[in-house]
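Take a look at the structure below.
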Amino acid sequence: MNYRDYLQGVIYKIIDPLIKGMIKIGMTPNTVTTIGFLLNILSAAIFVYAGTVGDEQTFLYVGIGGGILLFASLFDMLDGRLARVGNMATEFGAFYDSVLDRYSELVTLFGIVFLLFNKLYFWSAIVTFVALIGSIMVSYVRARAEGLDIECKVGLMQRPERVVLTSLGALFCGIFGGIEAFDPMYILIVPMWIIAILANYTAFVRIMHCYRVFNKK
């Protein structure tokens, strides 16, 4: 069992009572998916707003955006678990969840790009845009491979890791916004560098994985 499976099992034990309550009130997985998406849009809007306010307020709103993003990530786990436990899994539900996940990443990272560009972190904004490209390509390569009947889940920087890095980076950037030892914005920027490098590396690893599979056929 790898660390992701172990951690997922722990999280499921924590959220299962909540799942049972959601089933009792008739909440559907698609509703949960939609709520999570709307929270991601709210987080992105706050990042954009943080890029327009005075420097003394920027870190406050970056932290709020990170907190909302972290809360939204809970809904990413709830919808799939609700579908399985409540026997409500459908092909459209899986498709809908995947599409809104892509939209969520696009709007969230766009918000951070806007924030960094407006605050004159030009090269960090470019790096975040590269992180956005890598994030989308990781998902696209997997979807395209699975469309050709190839299982393609290899690589380091999958969506849960990207979301955790982004949300915690923003949250702690806000919490430590008042420190003077170094620029607190780098608490957010460093995770963007990590995602930019490892997400694109993961996409490349998946391409090579598919290449090897095709050559064996």
Inset, instruction - Keeping all protein chains in position, work out how much accessible area Ser167 exposes to a 1.4 Å probe, and write it in Å² to the nearest 10. - result: 0 Å²
Inset, instruction - Show Leu42, Leu168, Leu188 ordered by accessible area, largest first, where the area counts protein heavy atoms only and the probe is 1.4 Å. - result: Leu42, Leu168, Leu188
Legend entry - the chain, helix-only ellipticity at 222 nm - DSSP H runs n ≥ 4, -39,500 (n - 2.57), divided by all residues, nearest 500: -29000 deg cm²/dmol
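So, with +1 on the Cβ of K and R and -1 on the Cβ of D and E, and no other charges, what is the size of the charge dipole of the chain about its Cα centre, to the nearest 20 debye?
The calculation lands at about 760 debye.
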Inset, instruction - Using DSSP to define loop residues, name the trypsin sites (Lys or Arg not before Pro) in region 59-163 whose beta-carbon has at most 14 other beta-carbon atoms within 10 Å. - result: Lys153
Inset, instruction - Return the distance in nm (one decimal) between the two label points of a simple spin-label model at Met208 and Glu151, each offset 7 Å from Cα along Cα→Cβ. - result: 2.1 nm
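Among the GluC sites (Glu not before Pro) in region 55-164, which ones are in a DSSP loop with at most 13 other Cβ atoms within 10 Å of the Cβ? Mind listing them?
Passing both the DSSP loop test and the Cβ count: Glu151.
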Inset, instruction - Would you mind getting me the FRET efficiency between Lys24 and Phe110? Use the beta-carbon distance for r and R0 = 30 Å, nearest 0.05. - result: 0.20
Inset, instruction - Let me have the relative contact order for the chain, percent, based on Cα pairs under 8 Å that are six or more residues apart. - result: 24 percent
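If I compute solvent accessible area with a 1.4 Å probe over the protein chains, what percent of it on region 1-123 is carbon and sulfur? Could the numbers behind the result be given before it?
Working: 4750 of 6930 Å².
Roughly 69 percent, rounded to a whole number.
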Inset, instruction - Specify which labelled value, from [x] 7, 29, 30, 19, 11, 2, 0; [y] 9, 38, 39, 14, 0; [z] 8, 30, 34, 21, 6, 1, agrees with P(r) over Cα pairs in 10 Å bins from 0, in percent derived from the coordinates of the model shown. - result: [z]
Inset, instruction - Taking the dipole about the Cα centre of the chain, with the C-beta of Lys and Arg at +1 and of Asp and Glu at -1, give me whichever of Phe110, Leu171, Ser73 is farthest to the positive side. - result: Ser73
Inset, instruction - Kindly provide the Kirkwood hydrodynamic radius of region 91-196 in Å, to one decimal, from all pairs of distinct alpha carbon atoms. - result: 14.8 Å
Legend entry - Those residues of region 117-131 whose amide nitrogen sits under 18 Å from the label point placed on Ile197, 7 Å along Cα→Cβ: 123-131
Inset, instruction - Please find, in a Gaussian network model of the chain (springs between Cα atoms separated by less than 10 Å), the residue of Val113, Val53, Val130 whose mean-square fluctuation is greatest. - result: Val53
Inset, instruction - Could you work out how far helix 159-175 tilts from the main Cα principal axis of the chain, as a 0 to 90 degree angle to the nearest 10? - result: 20 degrees
Inset, instruction - Springs between alpha-carbon atoms under 10 Å, Gaussian network over the chain: tell me which of Asp79, Asp101, Asp149 tops the mean-square fluctuations. - result: Asp149
Inset, instruction - First select every other residue whose beta carbon is under 14 angstrom from the beta carbon of Ile14; then total the charges, Lys and Arg +1, Asp and Glu -1. - result: +2
Inset, instruction - Go ahead and collect, in residue order, the members of region 111-149 whose backbone nitrogen is under 20 Å from a label point 7 Å along the Cα-Cβ direction of Val53. - result: 111-121
Legend entry - Most mobile listed residue (Phe117, Phe95, Phe172) in the chain, GNM with C-alpha springs under 10 Å: Phe95
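The values are calculated or read from the model by the stated rules, or taken from the named source; none is laboratory data. Quick caveat: nothing in here was measured; it's all calculated off a predicted structure. Backbone-built Cβ (ideal geometry, glycine too); neighbour counts: all protein chains shown. Surface accessibility is based on the protein's heavy atoms, side chains included, excluding ligands, DNA and RNA. Shrake-Rupley method; radii C 1.70, N 1.55, O 1.52, S 1.80 Å.
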